[in-house]
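To start, the structure under review is shown below, and the notes come after it.
The values are calculated or read from the model by the stated rules, or taken from the named source; none is laboratory data. Quantities reported herein were computed from a predicted structural model and do not represent experimental measurements. Positions of Cβ are backbone-derived with ideal geometry, glycine not excepted, and every protein chain shown enters the neighbour counts. Remember, those area values only see protein heavy atoms, side chains included, never the ligands or the DNA or RNA. Shrake-Rupley method; radii C 1.70, N 1.55, O 1.52, S 1.80 Å.
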Amino acid sequence: MGISQMPSENFERHIVSNPYPGRGFIIGRSSVDEAWLLVYWIMGRSTHSRNRKFTVEGSELRTEPVDPAQVEDPSLIIYGAMKELPGIYLITNGDQTQTIHDALQNGGTFDSALATREREPDPPNYTPRISGMLELKGHPSVTLNILKANPINPVFTDGTTFHPTAPSAGLGICLTTYAGDGNPLPNFEGDPLVMPLDGAPDQILQTYWDALDAENKISVAVKRIAPGGRSDIIIKNRY
């Protein structure tokens, strides 16, 4: 499958002018040095979805509740969003991060891990699970996957894996859960989108924070992976 190759138009249409792309991530390369970048954001419409924030534990990005007393069901909102293995960097919108991590650690593959998972069990939206893997062992490679409800019968899950060419400096490859706002929410459709990644990590974080809908955005994170593999994460939380 192809990749939409209009970064500035993609950014304006799918992020700036879109009230609800939902959760989303970008895997790309810095425009200012040789680093790789992972960008992740979360959004929410309900009080339950908005009751969370990002926290960093070493090389891992996690979500956690702002007010634990108000958590109704932690299974879909509390999870590790970024994890690492030697030379491998994972990013997802749910607890499938751990599924992929464990499979790779035990000799499995990205695809075999996600074959055990389904779209989120949240009718009528049936939120897609979006997952990404950056491999920096040898020639850099990017792999993306989306698990969505089958359009004929949402009891079933359709999975699609993308193997795009690794992006050039200042660009990243993006998946989001939704195409926009609605009831039910319309799932992301089509190929991954190329997005701009201009400036230092703090500038990129601010760019995406400013671009996301002010009412619905919750948190944004940027992970920088330096040559040699050392990584660090910066975050911005609404609550």
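Residue separation of T116 and Y239 scaled by 0.36 nm, minus their Cα-Cα distance, works out to 40.9 nm of gained length. Modelled this way, with points 7 Å down the Cα-to-C-beta line, the labels at I78 and T109 are 3.5 nm from one another. Computed from backbone phi, the HN-Hα couplings of the range 160-171 come to 10, 10, 10, 10, x, 4, 4, x, 7, 4, x, 10 Hz, rounded to whole numbers (Karplus: 6.51 cos²θ - 1.76 cosθ + 1.60, θ = phi - 60°; Gly and Pro given as x).
Ligands, DNA and RNA are left out, and with a 1.4 angstrom probe the accessible area of the range 38-150 is 39 Å² per residue.
Full extension of the segment from E34 to T55, taken as 0.36 nm per residue of separation minus the current Cα-Cα distance, would add 5.0 nm. Once both labels are positioned 7 Å from their Cα atoms along Cα-to-Cβ, the gap between E189 and F156 label points is 2.0 nm. Our Cα-only numbers for the range 43-102 put the radius of gyration and Dmax at 12.2, 38 Å. The share of accessible area on the range 1-143 that comes from carbon and sulfur is 49 percent, using a 1.4 angstrom probe. Packing around the peptides 16-23, 180-187, taken as the average count of other Cβ atoms within 10 Å per residue, puts them in this order, highest first: 16-23, 180-187. The Cα trace of the chain gives Rg and Dmax of 16.4, 47 Å, the first to one decimal, the second as a whole number.
Our coupling estimate for the range 131-146, obtained by passing each phi through the Karplus curve with A = 6.51, B = -1.76, C = 1.60 and θ = phi - 60°, is 9, x, 9, 10, 10, 10, 8, x, 6, x, 9, 10, 10, 10, 9, 10 Hz, Gly and Pro reported as x.
Each eigenvalue of the Cα gyration tensor of the range 131-238, multiplied by 5 and square-rooted, gives one semi-axis; in descending order these are 26, 21, 11 Å.
Averaging the Cα positions of each part gives two centres, and for the range 167-239 and the range 55-133 these lie 16 Å apart.
Restricting the calculation to Cα atoms, the range 1-82 shows an Rg/Rh of 1.03 when the hydrodynamic-style radius is the Kirkwood one. To the nearest whole percent, what portion of all C-alpha pairs in the range 70-118 is separated by more than 15 angstrom? Summing the P(r) of the range 70-118 above 15 Å gives 45 percent of all pairs.
Relative contact order (percent) for the chain, with alpha-carbon contacts under 8 angstrom and 6 or more residues of separation? If you can, show how the numbers build up before the last one.
Working: 553 pairs, mean separation 69.4, N = 239.
Relative contact order here is 29 percent.
For L212, nonlocal amide neighbours, meaning residues 5 or more places apart or on other chains whose placed amide H falls under 5 Å from its own, do not occur.
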